[in-house]
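For reference, the structure is listed below as structure tokens.
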Amino acid sequence: MTTMLEKFAVWYKYLNDDLADPRTKDYFLIGSPWPGLTLIGLYLYFICNFGPRYMEKRHPFKLNEILQIYNVFQILSNAFLFYKALTVGWLGHYNYFCEPIDYSVTPKTIEITRLVWVYFLVKLMDLMDTIFFVLRKKQSQVTFLHLYHHVGILMGAWGAVKYLPGGHVTFLGLLNTFVHIIMYTHYLLASMKIDTSAWKKYITQLQLVQFFIITLHYLQLAWVKNCGFPIWPAYVMVPQNLFMIILFGDFYYKTYIKKKPAIKMTKAEINGISAEISNDKLKNQ
């Protein structure tokens with residue numbers, strides 16, 4: 001038993017300390033995985049257990065004003081990160097085929113690590129989406145796709161801050177923040193009683209395009225030589241994004257493509273309805 005604990009301690013130190021980027025070790029929630037995992041555990045417990053039980057005999061909360069403030073915050077924070085991702089890296093500075101991480105300690109590299117960390121904090125804030133669903137008694141929107149997507153991207157963002165705060169991996173943040181600007185604008189307008197239902201289909205299409213481009217972006221690591229960026233993230237991100245394409249594709253098909261079966265009626269039923277309509281007309285004459 002002691003030997004197993006010692007091996008675990010060595011393994012944990014290797015993953016948590018030796019492999020980690022020392023520049024981000026003191027960032028909030030990054031030094032150890034346990035605070036973040038605790039928050040995820042509490043989130044899942046509230047969403048799947050405590051929250052529905054608490055709301056079972058209560059009326060839905062009216063949160064329009066809170067939702068509007070929240071959506072404005074999301075739009076502004078994602079717009080800021082999108083702008084910084086362009087100006088600091090992807091607008092003429094980074095190579096779209098392969099971009100290594102600069103581990104030096106300069107004002108620019110430290111700014112990049114902090115931007116990746118802020119992205120992680122925004123993904124943490126995204127969990128409020130689900131909490132609002134529960135408080136408004138919209139439990140039907142708390143799907144496996146929704147939970148998996150929120151928890152998965154949060155864990156991925158934590159890993160980026162911990163191990164890869166910069167370079168190739170930040171392209172995902174560039175695309176994701178752009179999608180979220182549009183998505184939360186749709187949510188804001190909906191909370192203001194402005195009909196944006198036509199947006200839903202196109203936002204899902206945009207998300208599918210996002211996952212496809214991210215998959216291709218990581219696949220490039222397999223054939224670009226002397227990249228300087230590790231290959232192991234591709235083994236994580238390519239299957240992850242393919243899985244997201246499957247989940248979102250299934251949602252898109254069932255919601256926007258699959259036709260609802262037409263109600264079939266017998267000839268006798270049609271004649272019966274016609275007779276009832278005729279009788280009603282005679283009574284009203």
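Quick notes on this one:
- Förster radius 45 Å - calculated FRET efficiency between L216 and Q68 (Cβ-Cβ, nearest 0.05): 0.80
- Of the accessible area of the range 163-208, computed with a 1.4 Å probe over protein heavy atoms only, carbon and sulfur atoms account for 67 percent.
- Carbon + sulfur, % of accessible area of the range 53-157 - ligands and nucleic acids excluded, 1.4 Å: 67
- A simple rule links phi to the HN-Hα coupling: the Karplus curve 6.51 cos²θ - 1.76 cosθ + 1.60 with θ = phi - 60°, which for the range 215-228 gives 4, 4, 5, 7, 4, 4, 4, 6, 10, 7, 8, 6, 6, x Hz, with x for Gly and Pro.
- Residue-by-residue Karplus 3J(HN,Hα) for the range 70-79, coefficients 6.51, -1.76, 1.60, Hz, glycine and proline x: 4, 5, 4, 4, 5, 4, 5, 5, 5, 5
- Here the contact order of the chain, divided by its residue count and restricted to Cα pairs under 8 Å and six or more residues apart, works out to 23 percent.
- Taking a ≥ b ≥ c as the square roots of the eigenvalues of the Cα gyration tensor, an a/c ratio of 1.5 or more together with a/b no larger than b/c marks the range 1-41 as oblate.
- ³J(HN,Hα) computed for each position of the range 191-203 - Karplus, 6.51 cos²θ - 1.76 cosθ + 1.60, integer Hz, glycine/proline x: 5, 9, 6, 9, 6, 10, 4, 5, 6, 3, 4, 6, 5
- Nearest 10 degrees, 0 to 90: helix 144-163 Cα axis against the chain principal axis: 10
- Simple Cβ-charge dipole of the chain, Lys/Arg +1 and Asp/Glu -1, about Cα centre, in debye nearest 20: 1080
- Each peptide among 226-235, 101-110 gets the average number of other Cβ atoms lying within 10 Å of its residues, and from highest to lowest they stand as 226-235, 101-110.
- When both the range 16-73 and the range 121-178 are represented by their alpha-carbon centers, they are found 10 Å apart.
- Exceeding the 32 Å Cα-Cα cut-off - candidates K108/K225; K13/K108; K62/K162: K62/K162
- Taking amide hydrogens as placed 1.01 Å from N in the peptide plane, the amide H of D102 sits under 5 Å from those of G167, each at least 5 positions away in sequence or on another chain.
- Per residue accessible area of the chain, 1.4 Å probe, in Å²: 62
- Oblate is the label for the range 167-266, because a/c, from the alpha-carbon gyration tensor with a ≥ b ≥ c as root eigenvalues, is 1.5 or above and a/b does not exceed b/c.
- Rounded to two decimals, the Cα radius of gyration of the chain over 2.2 N^0.38 Å is 1.31.
- Relative contact order computed over the range 88-181 (Cα-Cα under 8 Å; 6+ residues apart), in percent: 45
- Tensor-based shape of the range 147-203 (alpha-carbon gyration tensor, a/c under 1.5 rounded, otherwise prolate or oblate): prolate
- Mean residue ellipticity, 222 nm, helices only, the chain: the sum of -39500 (n - 2.57) across DSSP H runs of n ≥ 4, divided by residue count and rounded to 500, is -21000 deg cm²/dmol.
The values are calculated or read from the model by the stated rules, or taken from the named source; none is laboratory data. On a predicted model such as this, the values are computed, not experimentally measured, just so you know. All Cβ positions, even for glycine, are placed from backbone atoms using ideal geometry, and neighbour counts span all protein chains on display. Quick note on the areas: whole protein, heavy atoms, side chains included, nothing else; ligands and nucleic acids left out. Shrake-Rupley method; radii C 1.70, N 1.55, O 1.52, S 1.80 Å.
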